[in-house]
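A short write-up of the structure that comes next.
Every number in this text was worked out from the coordinates using simple rules, so none of it is lab data. Quantities reported herein were computed from a predicted structural model and do not represent experimental measurements. We place every Cβ from the backbone using ideal geometry, glycine too, and count neighbours over all the protein chains shown.
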Amino acid sequence: MKTIKTAIIGATGYAGAELMRLLYFHPNVSIEIVTSKTYAGEEYTNVYENFNHISNLKLKEESLLEISKNVDVIFVALPHGIASKEITKEILNNAKVIDLGADFRLKNKETYENWYKTEHSSPNLLSEAVYGLCEIHREEIKTARLVANPGCYTTTSILSLYPVVKEKLIELDSITIDAKSGVTGAGRGVNLNVHYCETNENIKAYKIASHRHTPEIEQELSIAANDDIKLTFTPHLTPMNRGILATIYAKLKQKVTYQDIKNAYDKYYGKEFFIRLLGQDKFPETKWTKGSNFVDIAFKIDERCNRLIILGALDNLVKGASGQAVQNMNLMFGLKETTGLEFSGIFPA
């Protein structure tokens, strides 16, 4: 197969830097263009010195249309509200696009504008965009020109819940998601809330009953259940660099057993390389997924309350962002899905 020419838009954010690391060592990829508005004209190694002796690329600021004429795929790693203004059908005729932002994840324009408080500039592309959760939408991703790469909280939550929702083993109106994230989830921009003194020795909930990933989780689980799902999602910020841990609670339907639930997870994920189903009474920890593209999932039944407790963990910058984007690229270009991603987590780190 020919080498896949790639561009990373927003290459100096945390997700962009992780894409650089993963794509540079991908056997079928050539990184042609890296862009940054803030650091345009600078060597990439002036921003991230861990790329010294590895990359000699210079950061540029070019239009997406011009970039699309010279590459096969564009990774857009920018805050929400930008991609919908920049991505057009003309660009998609030239190159495939994987958007790591939120602009094409929600199928309903009004839902997007209500939660993100900004106008969506390309509603004509919403029906074409494929939600890039490979384990669920694999076949659609293979033929897509535009993939909406899911977020970190959503990937953890949707994958953790999908089998029991799909098989209707829980009461659909009883779902509560309690999730914790490392500070890289907030991005690399200057923000008082993620300063060292604000986060160290502290854990806090934020955006209670109002986090923008809520409708994304509800959308995908509603499709799975073929029913309208509303759930409670509460995110927390923890003093660590990377990682997501979601603890999910739901009421079991009557007479559902441990074996019923195990069978559901085995049915949907038994052959999935990047989903590790942990054994009975073994539970996910963020340290074992750090630096990898794996998701660890486990569950426990609280017999006393007839309640299911599901736990999911992943690295928010890899499977929750850039690793998943590479996984999507592999599918879109007919590569083995695990190419360039078959490595363990980093420990200790």
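Overview of results
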{"item": "Computed [θ] at 222 nm, helices only, for the chain once each DSSP H run of length n ≥ 4 contributes -39500 (n - 2.57)", "result": "-8000 deg cm²/dmol"}
{"item": "Cα radius of gyration and Dmax for region 153-314 (Å)", "result": "15.9, 51"}
{"item": "Chymotrypsin sites (Phe, Trp or Tyr not before Pro) restricted to DSSP loop in region 145-227 with at most 13 other C-beta within 10 Å", "result": "Tyr206"}
{"item": "Fully extended contour minus Cα-Cα distance, from Glu128 to Glu272, at 0.36 nm per residue", "result": "49.3 nm"}
{"item": "Scattering curve values for the chain, log₁₀ I(q)/I(0), Debye with Cα scatterers, q = 0.07 Å⁻¹", "result": "-0.28"}
{"item": "Added length on full extension, which subtracts the Cα-Cα distance from 0.36 nm per residue, Cys305 to Lys230", "result": "24.9 nm"}
{"item": "Neighbour count of at most 10 Cβ within 10 Å plus DSSP loop: longest GluC sites (Glu not before Pro)-free window in the chain", "result": "1-200"}
{"item": "Antiparallel bridge percentage (DSSP; both residues within the chain; nearest 5)", "result": "45"}
{"item": "Under 14 Å, Cβ to Cβ, from Thr286 - net charge with Lys/Arg +1 and Asp/Glu -1", "result": "+3"}
{"item": "Spatial separation of Cα centroids for region 184-248 and region 297-349, in angstrom", "result": "16"}
{"item": "Extension gain (nm, one decimal) between Ser30 and Ser344, 0.36 nm per residue minus Cα-Cα", "result": "110.7 nm"}
{"item": "For Gly132, distant residues with modelled amide H under 5 Å away", "result": "Ala148, Asn149"}
{"item": "The chain: relative contact order in percent, alpha carbon pairs under 8 Å with at least 6 residues between", "result": "17"}
